[in-house]
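Report on the structure given below.
The values are calculated or read from the model by the stated rules, or taken from the named source; none is laboratory data. Nothing here was measured: the structure is a model prediction, and the numbers come from that model. Here the Cβ positions follow ideal geometry from the backbone for every residue, glycine too, while neighbour counts run over all protein chains shown.
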Amino acid sequence: MALVSAYSGRRAAGASVRDARTGAVTDRVKPPAGESFTRVTSAGQGAFFLTGSGARDDSPLVYRLQVDAAGRAGQLAPVPGDLLPPGCRQIAASPGGTLLAYTVPDMTAPLSTAEAGLVDLATGERRIVSVPAGSLGKLSLANDGQTLAFQWQPRSGGAPDVYVAPAAASDWVAQGRVLADADGLPYDAENPVISADGRAVYLTVVQPEPTGGPHWNRLLEAPAGGGQHRVLFELRYQPNRNVFYMWGPVCRDPAGEWLLAFATGYVYRIEISSGAVIRLPFPEGQPYDAAW
């Protein structure tokens, strides 16, 4: 049950490999010289893909990492440069790692995505989807590779919305649907993670109490087809200008039975069926991204 968390920045770089049941570190992975990891996604069976950033922005900087049953990491294996477009930073893998969804930011314009699509690693086929003017990211694929959750923010601004779309659609935004609550209002949410079967999306939301004062961070299970959500996990806090979300990245295990929510110094392990929570120490601090 390997967990890979990626760090980026001056205080930490690289990735740690952990036992997802205990939080114990079993190995560490350093990025190539001059690079840092930005995103990580799980392909199941101990296989992970990591994207990086560095001086060589003309290459995808995507690596495959195999972790054995003891939690020891193998060598980073670069994904061939012709499979993914230059500048690729966000990816989501299907189990088995045969299908990758990806986005490429447009660094010349704010709130812009230059390219998005799907890559079949077995055949090398890349299918580019249409991208309206705006920013598309936070990709998450269901286990069958047929349903995708993501965030979309139009270039004109405003809060980003969470969408669910068929991965085979020619335009994920136009052919997707915005996740909305039972009253029909779009969720003001972060870090969408699609369920293993594609029927639900797990969302991090901030909800103030009607009377003001304390706020809640809640991890919701929202039906992909619309309807009443379920609260899986929540933390109450007094907000200040420096703290808005009580946790950052969220990921699930390949079987779709557990979620991990990463706070500063801790990780919360949530059983999806019951909502039972276990808090484990995570002394490295909050990772930039994580996958199980």
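In this structure, is residue 70 within 26 Å of residue 195 (Cβ to Cβ) and of a type outside the set (Phe, Trp, Tyr)?
Spelling it out, it is not the case that residue 70 is within 26 Å of residue 195 (Cβ to Cβ) and of a type outside the set (Phe, Trp, Tyr).
Report yes if some residue within segment 148-160 is outside any strand (DSSP E or B), closer than 24 Å to residue 251 by Cβ and modelled with pLDDT of 90 or more; otherwise report no.
From segment 148-160, those outside any strand (DSSP E or B) are 155-160; that's our starting set.
Then keep just the ones that are closer than 24 Å to residue 251 by Cβ; that gives 159-160.
When the remaining residues are screened for being modelled with pLDDT of 90 or more, the result is 160.
Yes; the residues of segment 148-160 include at least one that is outside any strand (DSSP E or B), closer than 24 Å to residue 251 by Cβ and modelled with pLDDT of 90 or more.
Condition (residue is within 22 Å of residue 289 (Cα to Cα), modelled with pLDDT of 90 or more and crowded, with 21+ Cβ neighbours inside 10 Å) applied to segment 119-133: is it met by at least one residue?
Yes, the conditions are met somewhere in segment 119-133.
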Q. Identify, please: which residue in segment 264-292 is surrounded by fewer than 18 Cβ atoms within 10 Å (Cβ to Cβ) and of a type in the set (Gly, Ala, Ser) and is, among those, modelled with the lowest pLDDT?
A. 285
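Determine whether residue 38 is farther than 29 Å from residue 18 by Cα, of a type outside the set (Gly, Ala, Ser) and surrounded by 19 or more Cβ atoms within 10 Å (Cβ to Cβ). Reasoning before the result, please.
Details: farther than 29 Å from residue 18 by Cα: no; of a type outside the set (Gly, Ala, Ser): yes; surrounded by 19 or more Cβ atoms within 10 Å (Cβ to Cβ): yes.
It is false that residue 38 is farther than 29 Å from residue 18 by Cα, of a type outside the set (Gly, Ala, Ser) and surrounded by 19 or more Cβ atoms within 10 Å (Cβ to Cβ).
Considering segment 119-133 alone, what residues qualify as being under 19 Å from residue 157 (Cα atoms) and either not hydrophobic (A, V, I, L, M, F, W, C) or not in a loop (DSSP other than H, G, I, E, B) (or both)? It would help to see each step written out before you state the result.
Applying the first criterion (under 19 Å from residue 157 (Cα atoms)) to segment 119-133 yields 131-133.
Passing the criteria: only 132.
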Q. Any idea which residue in segment 134-147 is surrounded by the fewest Cβ atoms within 10 Å (Cβ to Cβ), counting only those that are within 14 Å of the chain's Cα centre (by Cα) and part of a strand (DSSP E or B)?
A. 137
**Q.** Count of residues meeting criterion [buried (at least 19 other Cβ atoms within 10 Å of the Cβ), of a type in the set (Val, Ile, Thr) and in a loop (DSSP other than H, G, I, E, B)] in segment 77-100
**A.** 1
**Q.** Extreme residue, modelled with the highest pLDDT, among residues of segment 106-118 that are in contact with a Ser or Thr (Cβ under 6 Å, 6 or more places away or on another chain) and part of a strand (DSSP E or B)
**A.** 116
Q. What are the residues in segment 162-180 that are out of contact with any Lys or Arg (no Cβ under 9 Å at 6 or more places or on another chain) and crowded, with 21+ Cβ neighbours inside 10 Å, if any?
A. 167, 172, 173, 179
Q) For residue 232, are the conditions met, namely being under 29 Å from residue 36 (Cα atoms) and in a strand (DSSP E or B)? A) no
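For segment 26-44, enumerate the residues that are of a type in the set (Lys, Arg) and either under 20 Å from residue 254 (Cβ atoms) or part of a strand (DSSP E or B) (or both). Can you show your working first?
Quick first cut of segment 26-44, residues of a type in the set (Lys, Arg) only: 28, 30, 39.
Across segment 26-44, the qualifying residues are 28, 39.
Give segment 166-201 a look and list any residue that's part of a strand (DSSP E or B) and within 15 Å of residue 245 (Cα to Cα), or say none. Full working, then the answer.
We begin by selecting, within segment 166-201, every residue part of a strand (DSSP E or B); these are 166, 177-178, 180, 186, 189-194, 200-201.
Matches in segment 166-201: 189, 190, 191, 192.
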Q) Is there any pair with a first residue in segment 120-138 that is more than 16 Å from residue 92 (Cβ to Cβ) and touching a residue at least 12 places away in the same chain (Cβ under 8 Å) and a second that is among the basic types (Lys, Arg) and surrounded by 13 or more Cβ atoms within 10 Å (Cβ to Cβ) whose Cβ atoms are under 7 Å apart and which are 6 or more apart or on different chains, and what are they? A) 133/155; 134/155
Q. If you go through segment 194-206, how many residues are surrounded by fewer than 21 Cβ atoms within 10 Å (Cβ to Cβ) and touching a residue at least 40 places away in the same chain (Cβ under 8 Å)?
A. 2
Q) Right, residue 185: free of Cβ contacts under 8 Å to residues at least 12 places away in the same chain, under 20 Å from residue 165 (Cβ atoms) and surrounded by fewer than 22 Cβ atoms within 10 Å (Cβ to Cβ) or not? A) yes
Q. Where residues in segment 235-263 are crowded, with 19+ Cβ neighbours inside 10 Å and part of a strand (DSSP E or B), which of them is modelled with the lowest pLDDT?
A. 262
